[in-house]
Amino acid sequence: MDWEQLELNPRVVAALRKADIKSIKEVLNLSGADLQRLMKLSSADAECLLKTVSHWLRRNCMLTALQLYQDKDHFASQHQKLSLGCSVLDNLLKGGIPLVGITELAGESSAGKTQISLQLCLCVQYPYKYGGLESGAVYVCTEDAFPSKRLQQLIDQQHKLRADVPPEVIQKIRFGNNIFVEHAADLDTFHNCITKRISLLLKRGMVRLVVIDSIAALFRCEFGASDSVLKAQYLQMFGAQLHSLSTRFSTPVVCINQVWHQKCFSLYGDHFISCCVGVSVDNKVTPALGITWANHLLMRLMVSRVSQRDQLSGAVFHHTGNVRTLRVAFAPHLPPSFCCYTVELEGVKGIK
Amino acid sequence: MQRAVGSLPLGPALRARLAAAGFQTAQELLDTGPCGLSREIGISKEEALETLQVVRQECSGDAARTAGGAGTTRKCTALELLEEEQAQGFIITFCSALDNILGGGVQLTKITEVCGAPGVGKTQLCMQLAVDVQIPECFGGVCGEAVFIDTEGSFMVDRVADIAAACVQHCQLIAEAHQEEDHQKALETFSLESILSHIYYFRCRDYIELLAQVYLLPDFLSEHSKVRLVVIDGIAFPFRHDFEDLSLRTRLLNGLAQQLIIIANDHKSAVVLTNQMTTRIGQSQSTLVPALGESWGHAATVRLIFHWDKSQRLATLYKSPSQKESTIPYTITPHGFRDVQPPAVTQNTESTEMNPRKRPRREEEK
């Protein structure tokens, strides 16, 4: 940090250099009293230093809510969303996945989480006016192999799913080229993947969607009951890193999570139920990784299969046995609601 | 600010140089800045800085004299303090049950902390308060402005617009029922755009930015003297990773708490913080407790814990100097933070009383 850039008294600059304080972070980590002691400054000087440094860091940071509301070009993250490729699902989410923040997709196995994520990887490549972000996606697999055959099927059928897009636009997009697949089966590889590879792809503007399939698998084997503190630290670190990448590059991060069955909770007692949002009494499952992970999420979506006897209305019977529900568990801008969908050859389609 | 340079307490040589360079008012000096000043009149940078400090002190001294000298210590009796506190405004939350257990609403000059699991409604309450602080006085509000510091990125302006529109509509209904002139006049300036324009939004991406923002708050609040609410959503998020040295974190949090207490007091604002929950593993069982540790528990004057009971949201008043501990249900509707409708709804339309806390029970559409 070049202290000359700030409007500081040369006496204070000399004291900073003598105390070997090189960055704004070091200055702000110290209180006024600490600065006085370390740099032998008067209290007025120390206060002035803190204010000057803060002012330099936070210049031009104020906005009013009205500016956020009206200026749709500069604040795309407030107004734009990543479409899911289906108007019914987009209506449930009031446009789609928010651009900044971690969205979680939790559910039992074969409920459709991977299908929705693959669909998102294709949707992100469309132009802005069709709900995409004109960029690629990075798909991180932590347990199974990447479903490339299914991806190819989806690519071939895009014209059928996206009837709203002119076919010449679809033909121009080289879908397969813009999906980057990473494999990370343990924590260190995953850490490496986030800090080096994903951040490089984001910096180059090659991707604007990160999918992690799944986050729970990373933590399944490695931690016993006594390692909960270490596990929490890893979760905090990954959550913070993903959040920071998402904020810096206005990129949605979609994390797939698995669910635990409530019978496993007898060990932890009732409080786990009270902390799991929106779990109704008859619902037997709750997302894995607990409250430590849930604190990092902007939005949580739950998917589940609808069993035959739970089907809600006559219309649903047309789609024999293949009906799933997508439910908003929590989001700052959405009420708790749900809709049904099916998984067709061309992709995930909502049922009105 | 328009003080002539000649009337400032500077040395004659300096004054001569300033006059020769063409400076006439104190404002021009402040606008030039120290580097420009040292260049233009040929003095060292250190002298320029000291000169500007003197100018600033003089000008703020003038302002303080005209404003009544805020910030100087004063002696007063407990009776005066009691009267002052009783006259203190509250920011209503639109959930009358919550307002009742808080003793009227979120109190000005105090720090209120809201803790809860993700998705329970902490950010919704913050957005509701940022709108409610602006309700005009004739409708029972404090007619203030709001500062919203967002560390998690969960501020969705469309949702705030919905909440603001519902609040305006509510006040319009009251005005229609009462037909008072000051109600109509107040409504002219109480619209969606004006509400949104008085919410000052700051996005802090890590704890350094948050600390810097809080250092700048006192000056900001002095400039924007109508601010009556400072929201930090959430205080825990930037402090829960990245700290190998927990004693540094405790020190920083304590410093932050002290600054917020001073801000709340000096500027007669309410400070509302949101906190996360964490698991404390005990001997035989584990419990959910507010995050950031035991010493942080002393920072807030009033602590609310939001939690779930099956699918009902509940708010518990956990810590308060004047109200007793109790739990009430609440709900989040498309209009914002509200009471739970009792099963037998008495359709009690605008009654002829002036207290807007007795809100009409409308059927909220889900």
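The values are calculated or read from the model by the stated rules, or taken from the named source; none is laboratory data. Everything numeric here is computed off the predicted structure, so don't read it as measured data. Here the Cβ is made from the backbone with ideal geometry for all residues, glycine too, and neighbour counts use every protein chain on show. Calculation scope for accessible area: heavy atoms of the full protein, side chains included, ligands and nucleic acids excluded. Shrake-Rupley method; radii C 1.70, N 1.55, O 1.52, S 1.80 Å.
Here is how the numbers come out for the structure above:
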{"item": "Prolate/oblate/rounded label for the protein assembly as shown (Cα gyration tensor, a/c 1.5)", "result": "prolate"}
{"item": "Solvent-accessible surface ranking, highest first, for A:CYS86, B:CYS143 at 1.4 angstrom", "result": "B:CYS143, A:CYS86"}
{"item": "Computed helical MRE - 222 nm, chain B, DSSP H runs ≥ 4 contributing -39500 (n - 2.57), nearest 500", "result": "-13500 deg cm²/dmol"}
{"item": "Interchain or long-range residues, amide H under 5 Å from A:LEU63's placed H", "result": "B:TYR201"}
{"item": "For the stretch B:261-336: rounded, prolate or oblate by the Cα gyration tensor [a/c cutoff 1.5]", "result": "oblate"}
{"item": "Whether the stretch A:73-112 is rounded, prolate or oblate, judged on the alpha carbon gyration tensor where a/c under 1.5 counts as rounded", "result": "oblate"}
{"item": "Accessible area (Å², 1.4 Å probe, nearest 10) - B:THR331", "result": "30"}
{"item": "DSSP beta bridge pairing in chain A, given as percent antiparallel to the nearest 5", "result": "45"}
{"item": "Interchain or long-range residues, amide H under 5 Å from A:VAL259's placed H", "result": "A:GLY107, A:ALA288"}
{"item": "A:ASP71 versus B:GLN341: modelled label distance in nm, points set 7 Å from Cα along the beta carbon direction", "result": "4.0"}
{"item": "q = 0.09, 0.13, 0.15, 0.21 Å⁻¹, the stretch A:94-240: log10 I(q)/I(0) [Debye, one scatterer per Cα]", "result": "-0.31, -0.63, -0.83, -1.47"}
{"item": "Simple Cβ-charge dipole of the protein assembly as shown, Lys/Arg +1 and Asp/Glu -1, about Cα centre, in debye nearest 20", "result": "1440"}
{"item": "Nearest-ten-degree value, helix B:157-178 long axis tilted from longest Cα axis of chain B", "result": "70"}
{"item": "Net charge dipole size for the stretch A:1-59 [Lys, Arg +1 and Asp, Glu -1 on Cβ; Debye, nearest 20]", "result": "60"}
{"item": "Probe 1.4 Å - accessible area at A:GLU346, Å² to nearest ten", "result": "10"}
{"item": "Using alpha-carbon coordinates, inclination of helix A:228-249 to the longest axis of chain A, degrees", "result": "90"}
{"item": "Antiparallel DSSP beta bridges within the protein assembly as shown, percent to nearest 5", "result": "45"}
{"item": "Spin-label pair A:ARG17/A:LYS160, simplified geometry with 7 Å Cα→Cβ offset, distance in nm", "result": "7.2"}
{"item": "Cα-based reach from A:LYS40 at 16 Å (exclusive), listing lysines while leaving out same-chain residues under 8 positions away", "result": "A:LYS18"}
{"item": "Nonlocal Lys pairs with alpha-carbon distance under 25 Å, the stretch B:88-339 (8 or more apart, or different chains)", "result": "16"}
{"item": "For A:VAL181, residues with placed amide H under 5 Å, excluding near neighbours", "result": "A:TYR139"}
{"item": "Accessible area per residue, Å², the stretch A:3-60 with all protein chains present, probe 1.4 Å", "result": "54"}
{"item": "Buried solvent-accessible surface, both chains (A, B), 1.4 Å probe, Å² to nearest 100", "result": "5100"}
{"item": "Cross-link reach list, lysines versus A:LYS352, counting only Cα pairs under 28 Å and skipping chain neighbours closer than eight places", "result": "A:LYS81, A:LYS94, A:LYS113, A:LYS129, A:LYS160, A:LYS284, B:LYS366"}
{"item": "Cα-based helix-to-principal-axis angle, B:78-87 vs chain B, degrees rounded to 10", "result": "70"}
{"item": "Simple Cβ-charge dipole of chain B, Lys/Arg +1 and Asp/Glu -1, about Cα centre, in debye nearest 20", "result": "760"}
{"item": "Heavy-atom accessible surface of the protein assembly as shown: percent carbon and sulfur, 1.4 Å", "result": "51"}
{"item": "Area accessible to solvent at A:ILE21, 1.4 Å probe radius, in Å²", "result": "10"}
